[in-house]
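Beneath this line is the structure, given in structure tokens, with notes to follow.
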Amino acid sequence: MLKNILLERDIYASEEHKMMQEMIRDFIKNEIIDHTDEWEKNGMVSREVWERAGALGLLCIDMPLEYGGSGLDFSFSALFIEELGREGINGPGFSLHSDIVAPYLLKYGTEAQKQTYLPLMATGKMITSIGMTEPNCGSDLKAITTSAVDKGDHYLVNGQKTFITNGYMSDMSIVAVKTNIGTEKEGVSLLIMESTYEGFEKGIPFKKIGMKAQDTCELFFDNVKVPKENLLGEEGSGFKIMMTELARERLTVALNAIGGTEGAIEKTIAYTSTRTAFKQPIAGFQNTQFKLAECATQLQIHQAFLDRCTLLLANHELTAESASMAKYSATELHSKVVDECLQLFGGYGYIWDYPIARMYADNRVARIYAGTNEIMKILIARGLFKELFQQMKAMKKK
């Protein structure tokens with residue numbers, strides 16, 4: 001089996017990690033697997049699974065105990081992300097909630113904001129989302145048009161967001177808006193917006209190619225009054241905050257992809273070992289052996305790189321370039337491996353009841369969200385040619 005040839009990963013080798021891994025696998029088996037069909041039909045998961053995850057301490061894992069988190073380091077969050085990916089679980093948007101929204105609040109929120117939202121997030125009683133993308137604005141976040149007009153003690157927000165993970169179920173969303181429009185201080189700011197605010201509406205969840213149990217939808221803001229105390233960070237600092245925190249988001253996408261890669265290989269080894277053709281197991285054919293050997297080798301290489309990135313993030317040292325490399329490379333590998341594995345399943349690989357079919361449909365979007373892989377290449381190239389770009393910029397000013 002696959003685990004027999006892969007090197008043990010030091011990052012997950014402690015007794016605490018092994019105990020956490022066992023608990024996570026039990027949680028997936030007992031609380032998720034049997035509900036997948038129902039959730040896909042509904043276009044969203046249940047609130048119960050969120051609260052169950054919270055009760056087990058699986059939400060906001062690396063958040064301090066004082067705010068209701070588990071007080072562990074990021075490697076435990078990474079383990080949870082990988083294990084979900086390994087089983088092809090993409091319904092509950094736990095990672096966005098715990099690894100994107102929570103750090104925003106923890107790093108940039110006021111004490112009152114932290115006390116108001118983080119404990120509820122850790123229990124799963126409050127589900128959160130983040131509103132960046134707009135219908136006419138994808139990776140270019142500076143081009144957003146959702147506006148927040150200063151009205152003294154509150155902002156008046158108008159606009160629209162799209163492709164919002166956890167959007168339909170979310171109780172609170174951190175929304176990117178334009179403030180001070182038409183002035184020298186014009187910029188992007190972040191507002192904490194509760195779904196109960198008058199004028200805050202949610203669209204019907206999208207019907208997607210994959211990730212069918214994930215409630216992805218549009219958010220609409222029609223003269224929504226947002227108290228001034230709900231400003232996250234300083235006015236105009238939103239773009240800088242988002243760019244800083246995108247490294248973590250992109251690493252979480254990479255971790256999910258590498259977990260999914262491992263799961264796809266494991267399931268294909270099991271299937272090809274028992275399925276026969278021409279009076280022998282499919283795994284007995286050299287083509288099958290070579291394909292899976294190639295996949296396992298690339299998995300091993302990527303695991304080593306992502307383990308390094310995980311440690312760097314835990315120490316607040318992960319660069320934007322390394323995160324971009326991880327996201328780009330891991331999601332490309334995931335797509336390639338799942339495609340190769342589905343081929344080895346033959347006709348059954350195209351049947352929705354087989355996990356490999358879901359994996360095939362679900363993984364495709366990972367090369368798009370959190371910044372397309374084309375954007376990742378641009379960011380990596382900027383790092384490679386940083387000095388040249390600076391010289392070119394200086395020449396243009398002259």
Is it the case that some residue within the range 97-108 is within 28 Å of Gln303 (Cβ to Cβ) and not in a helix (DSSP H, G or I)? no
So which residues in the range 88-147 are under 20 Å from Ala366 (Cβ atoms), of a type in the set (Ser, Thr, Tyr) and touching a strand residue (DSSP E or B) at 6+ places or on another chain (Cβ under 8 Å), if there are any at all? Ser129, Thr133
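Under the condition of being in a helix (DSSP H, G or I) and free of Cβ contacts under 8 Å to residues at least 40 places away in the same chain, which residue from the range 361-376 is surrounded by the most Cβ atoms within 10 Å (Cβ to Cβ)? Spell out how you get there, then give the answer.
Let us first name the residues in the range 361-376 that are in a helix (DSSP H, G or I), namely 361-367, 373-376.
Narrowing the set further to residues that are free of Cβ contacts under 8 Å to residues at least 40 places away in the same chain leaves 367, 374.
Details: Arg367: 19, Glu374: 11.
Selected residue: Arg367.
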Of all residues in the range 224-239, which are assigned to a loop (DSSP other than H, G, I, E, B) and either more than 23 Å from the chain's Cα centre (by Cα) or loosely packed, with under 14 Cβ neighbours inside 10 Å (or both)? Glu234, Glu235, Gly236
Identify, from the list Gly109, Gly85, Gly93, the residue that is within 22 Å of Tyr12 (Cβ to Cβ) and not assigned by TED's automatic domain parsing to the domain that holds Lys212. Gly85
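Go through Gly109, Gly138, Gly71 for me and flag whichever is farther than 23 Å from Asn373 by Cβ and out of contact with any Phe, Trp or Tyr (no Cβ under 8 Å at 6 or more places or on another chain).
Just one listed residue meets the conditions, Gly71.
So, of the residues in the range 170-223 that are among the hydroxyl-bearing types (Ser, Thr, Tyr), in a strand (DSSP E or B) and over 30 Å from Glu38 (Cα atoms), which turns out to be farthest from the chain's Cα centre (by Cα)?
Per the stated criteria, the residue is Thr179.
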How many residues are in a helix (DSSP H, G or I), touching a residue at least 12 places away in the same chain (Cβ under 8 Å) and under 14 Å from Leu232 (Cα atoms) when one looks only at the range 116-131? 2
Where a residue in the range 1-15 is within 21 Å of Ala270 (Cβ to Cβ) and its partner, wherever it lies, is among the β-branched types (Val, Ile, Thr), with Cβ under 8 Å and at least six apart: Met1/Ile269; Leu2/Ile265; Leu2/Ile269
Picking from Ala293, Ala357, the residue that is surrounded by fewer than 17 Cβ atoms within 10 Å (Cβ to Cβ) and either within 18 Å of Tyr271 (Cβ to Cβ) or polar (S, T, N, Q) (or both) would be Ala293
May I ask you to list pairs of residues, at least six apart or on different chains, whose Cβ atoms are under 7 Å apart, with the first in the range 155-173 being within 8 Å of Asp215 (Cβ to Cβ) and the second being part of a strand (DSSP E or B) and aliphatic (A, V, I, L, M)? Gly167/Leu219
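What is the residue count in the range 132-151 for residues that are assigned to a loop (DSSP other than H, G, I, E, B) and touching a residue at least 24 places away in the same chain (Cβ under 8 Å)?
9
Tell me yes or no: at least one residue of the range 217-240 is of a type in the set (Val, Ile, Thr) and under 30 Å from Lys336 (Cβ atoms).
Pass one, the range 217-240, residues of a type in the set (Val, Ile, Thr): 224, 226.
Then keep just the ones that are under 30 Å from Lys336 (Cβ atoms); that gives none.
Looking through the range 217-240, none of the residues is of a type in the set (Val, Ile, Thr) and under 30 Å from Lys336 (Cβ atoms).
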Restricting to the range 272-290, name every residue that is crowded, with 16+ Cβ neighbours inside 10 Å and among the aliphatic types (A, V, I, L, M). Ile282, Ala283
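Does Leu344 satisfy the criteria of being in contact (Cβ under 8 Å) with a residue 24 or more places away in the chain, over 18 Å from the mean Cα position of the chain (by Cα) and not assigned by TED's automatic domain parsing to the domain that holds Asp34?
yes
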What number of residues in the range 119-136 are of a type outside the set (S, T, N, Q) and out of contact with any Ser or Thr (no Cβ under 7 Å at 6 or more places or on another chain)? 7
Residue list for the range 35-52, filter: farther than 18 Å from Lys202 by Cβ, surrounded by fewer than 16 Cβ atoms within 10 Å (Cβ to Cβ) and of a type outside the set (Lys, Arg): Asp37, Glu38, Glu48, Glu51
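Being of a type in the set (Phe, Trp, Tyr) and closer than 15 Å to Ile100 by Cα narrows it down to one residue among Phe206, Phe239, Phe220; which is it?
None of the others qualify; the one that does is Phe239.
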Here is a list of conditions, (1) under 30 Å from Ile241 (Cβ atoms); (2) not in a helix (DSSP H, G or I), and Asp353 meets all of them except one; can you say which number that is? (1)
Please name all residue pairs, on different chains or six or more residues apart, with Cβ atoms under 8 Å, provided the first residue is in the range 39-53 and is assigned by TED's automatic domain parsing to the domain that holds Ile28 and the second residue is part of a helix (DSSP H, G or I) and charged (D, E, K, R). Val49/Glu31; Arg52/Glu31; Ala53/Glu31
Of Ile209, Ile181, Ile164, Ile204, the only residue that is aliphatic (A, V, I, L, M), buried (at least 23 other Cβ atoms within 10 Å of the Cβ) and either on the phi < 0 side of the Ramachandran plot or out of contact with any Lys or Arg (no Cβ under 9 Å at 6 or more places or on another chain) (or both) is Ile164
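The values are calculated or read from the model by the stated rules, or taken from the named source; none is laboratory data. Here the structure is a predicted model, which is why all the values come from computation and not from measurement. So basically every Cβ, Gly included, is an ideal-geometry build from the backbone, and we count neighbours across all protein chains shown.
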